[in-house]
Amino acid sequence: QVQLVESGGGLVQAGGSLRLSCAASGRAFKINAMGWFRQVPGKEREFVTAISWSSENTYYADSVKGRFTISRDNAKNTVFLQMNSLKPEDTAVYYCAASRHYDSTYVTPYDYWGQGTQVTVSS
């Protein structure tokens, strides 16, 4: 089994920055792609960004392109999400996810999920 633990969420003013981290433990060698999703109450979980095992391929939702950057450190089994120029509409619970098989911008292929970390952007 694989456990994912997110950290780094919090309250920030619009225009500010936050950096989220997600550390994997357990059978982390099973992990291939990793991603970040977010969810607000009453809405479906939505894709934010993903990264392949080698970091060669990265994917971003249109709403965060140019503002968010995903990266990973395989030696530490950790993935990062640098969020700049934050907007109130970025407010959500952010979830880290890991896939055993392939990169994806969809929820279904991800096998493991963290518990989520709250990001709140005030206007």
Point to revise | Among residues of segment 62-118, those that are among the small types (Gly, Ala, Ser), open to solvent by 60 Å² or more (accessible area, probe 1.4 Å) and either in a strand (DSSP E or B) or within 15 Å of Ala23 (Cα to Cα) (or both), counted | key: 1
Review point. For residues in segment 1-36 being open to solvent by 50 Å² or more (accessible area, probe 1.4 Å) and aliphatic (A, V, I, L, M), which is farthest from Thr78 (Cα to Cα)?
Key: Ala14
Practice item. Name every residue in segment 39-59 that is open to solvent by 60 Å² or more (accessible area, probe 1.4 Å) and under 20 Å from Thr120 (Cα atoms), in order of residue number. Key: Pro41, Gly42, Lys43, Glu44, Arg45, Glu46
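The values are calculated or read from the model by the stated rules, or taken from the named source; none is laboratory data. None of the values given here were measured: they were computed from a predicted structure. All accessible areas refer to the heavy atoms of the entire protein, side chains included, with ligands and DNA or RNA removed. Shrake-Rupley method; radii C 1.70, N 1.55, O 1.52, S 1.80 Å.
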